[in-house]
Amino acid sequence: ILVHAITASVARIIIIGHQTFGPTQNKNQLYLIGASLFREYFKVYITGVPQQLAFDRWIATIAWSW
């Protein structure tokens, strides 16, 4: 998770830097597209981790023999 968080932070800095300084010409920069896609991937990944843990605990609670 730490590697994903660091990479997502770098992607966010790239996007903010692009929004602040802007491109000199009207063309798509490949690094900006990659940073945006990775940022969206990170949002999906980081919201899926707690969901997987909750599902795991739910299954364990049901399968536990009292």
TODO: State the number of residues belonging to the range 42-64 that are open to solvent by less than 80 Å² (accessible area, probe 1.4 Å) and among the hydroxyl-bearing types (S, T, Y).
DONE: 1
Task: Pair list, Cβ under 8 Å, 6 or more apart: the range 49-61 residue of a type outside the set (D, E, K, R), other residue surrounded by fewer than 10 Cβ atoms within 10 Å (Cβ to Cβ) - done: V49/I1
Task: Residue within the range 34-41 that is exposed (fewer than 10 other Cβ atoms within 10 Å of the Cβ) and at pLDDT 80 or above present - done: no
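The values are calculated or read from the model by the stated rules, or taken from the named source; none is laboratory data. These figures come from a predicted structure and were not determined experimentally. Glycine also receives a Cβ, built like all others from the backbone with ideal geometry; neighbour counts cover every protein chain displayed. Heads up: the accessible areas ignore ligands, DNA and RNA and are worked out on the full protein's heavy atoms, side chains in. Shrake-Rupley method; radii C 1.70, N 1.55, O 1.52, S 1.80 Å.
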